[in-house]
1. State all residues of the range 248-285 that are closer than 16 Å to Ala203 by Cα and either outside any loop (DSSP other than H, G, I, E, B) or not acidic (Asp, Glu) (or both); if no residue qualifies, say none.
2. Within the range 179-214, can you find the residues that are surrounded by 13 or more Cβ atoms within 10 Å (Cβ to Cβ) and of a type in the set (A, V, I, L, M)?
3. Got at least one residue in the range 300-316 being part of a loop (DSSP other than H, G, I, E, B), surrounded by 11 or more Cβ atoms within 10 Å (Cβ to Cβ) and modelled with pLDDT under 85?
4. Give me the helices (runs of 4 or more DSSP H) completely within the range 1-86, filtered to those with at least 2 residues that are within 44 Å of the chain's Cα centre (by Cα), of a type in the set (S, T, N, Q) and at pLDDT 90 or above, ordered by residue number.
5. For the range 111-122, check the following and say yes or no: at least one residue is loosely packed, with under 10 Cβ neighbours inside 10 Å and either modelled with pLDDT of 85 or more or out of contact with any Lys or Arg (no Cβ under 9 Å at 6 or more places or on another chain) (or both).
6. Mind checking which residues of the range 284-299 are within 13 Å of Gly350 (Cβ to Cβ) and either in contact with a strand residue (DSSP E or B) (Cβ under 6 Å, 6 or more places away or on another chain) or buried (at least 19 other Cβ atoms within 10 Å of the Cβ) (or both)?
7. Out of everything in the range 218-268 that is acidic (Asp, Glu) and exposed (fewer than 13 other Cβ atoms within 10 Å of the Cβ), what residue ends up being modelled with the highest pLDDT?
Amino acid sequence: MKPSDAALVAAALADVWLNVDREDRSSVAVALLAVAALTLRRHRPLVAFVLTLPTALLTDAVFATLAALYTLSSLARHRSLLVCCALAFAVADFMPWPWSNLETGDLGRPHVLVNITYTLATAAAPVFLGQLVQAHRELSLRLAEITEAREHQQLLTSQAVLAKERAQLAREMHDVVSHQVSLIAVQAGALQVGSRDADARAAGATIRRLSVQTLDELRHMIGVLRASGSRPTELTPQPSLADLHQLIGASGIETELVTNLSGELPPRLQRAVYRTVQEALTNVRKHAPGAAATVRIQRHGPRLRVTITNTAPTRPALRLPGAHHGLIGLGQRAELLGGSVTSERTPEGGFALRLELPTGGAG
């Protein structure tokens, strides 16, 4: 029993104690039945009201009947039923029992009219209060539904804006970036074919191969961006640790790969390692020409540590445009996997990039 129900039963018992003659066993029985009926008011409100009605007829203890009438009014939706119940209580409370005790001409006396008015007001009060509580409850539900609908609409609006931005980005990538990379590939092919210098031809072949790979990735990324609004699309093919040797070989940097891994890592960890090594080698090409690099991928218990270090540059670095978002993106990727990325300059004039990830017991 809820605390509110227990308090209501206690108040009804107090009403019985004060207003029922304990010598009249029938009145006491009817009053106690009304008190017990209050335990049914939440699940069977009409039954509870009917069981409490006799106490209003036979005794002055009407608290249980009023409480049952209030509960019925707060739950029922049929106004005609509530009117009938209120009139039934008013008649039971006003009329003497037995009804034959009502004397002829009593209904015309002023004090009787006052009593009738008071009884009708007493019967109407719990009905109005219960209807008010019901309206408040329904209003709260409607407000909650409106709030949910508004949040859903805002989500749809934000998704539509995001889809529009992704479509615009896809157009820009297709019209500008892909075009420029295609020109790079064409010029590199011309250099590969037309140059007499073997090193220049090799460089042209490398540039052309990387340009073609970049175009393939761009085309797939454009497809992913244009697929917004449909099911999530995975960027495929996804790189893994098996692709590190090809990445290092195509980097044009003298790189040593050291690893003690045994067993397979989850694909998400392999992608994080690959992207970290890729970004580090890209930075070496841009900022440390002529430097050599070392890639160490080692496992220490439940942690995976990747360290990419490079020596000091042997040639002046070219001034290339960059948004400095590479390391930020690596840090965000690592945080999503529960790891971290740190970077620092080495005492020898080089640079070190470190990635640490939890393996989660894999492999």
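1. Start the filter on the range 248-285 by keeping residues that are closer than 16 Å to Ala203 by Cα, which leaves 248-254, 285.
Within the range 248-285, Ile248, Gly249, Ala250, Ser251, Gly252, Ile253, Arg285 meet the criteria.
2. Val181, Ile184, Ala185, Ala188, Leu191, Ala200, Ala202, Ala203, Ala205, Ile207, Leu210, Val212
3. Among the residues of the range 300-316, not one is part of a loop (DSSP other than H, G, I, E, B), surrounded by 11 or more Cβ atoms within 10 Å (Cβ to Cβ) and modelled with pLDDT under 85, which makes the answer no.
4. By residue number, 63-75.
5. yes
6. Of everything in the range 284-299, those that are within 13 Å of Gly350 (Cβ to Cβ) and either in contact with a strand residue (DSSP E or B) (Cβ under 6 Å, 6 or more places away or on another chain) or buried (at least 19 other Cβ atoms within 10 Å of the Cβ) (or both) turn out to be Val284, Ala288, Ala291, Ala293, Thr294.
7. Checking each candidate, the answer is Glu256.
The values are calculated or read from the model by the stated rules, or taken from the named source; none is laboratory data. This one's a predicted model, so the numbers in the text were calculated from it and none came from an experiment. With ideal geometry, Cβ positions are generated from the backbone for all residues, glycine too; neighbour counts draw on all protein chains shown.
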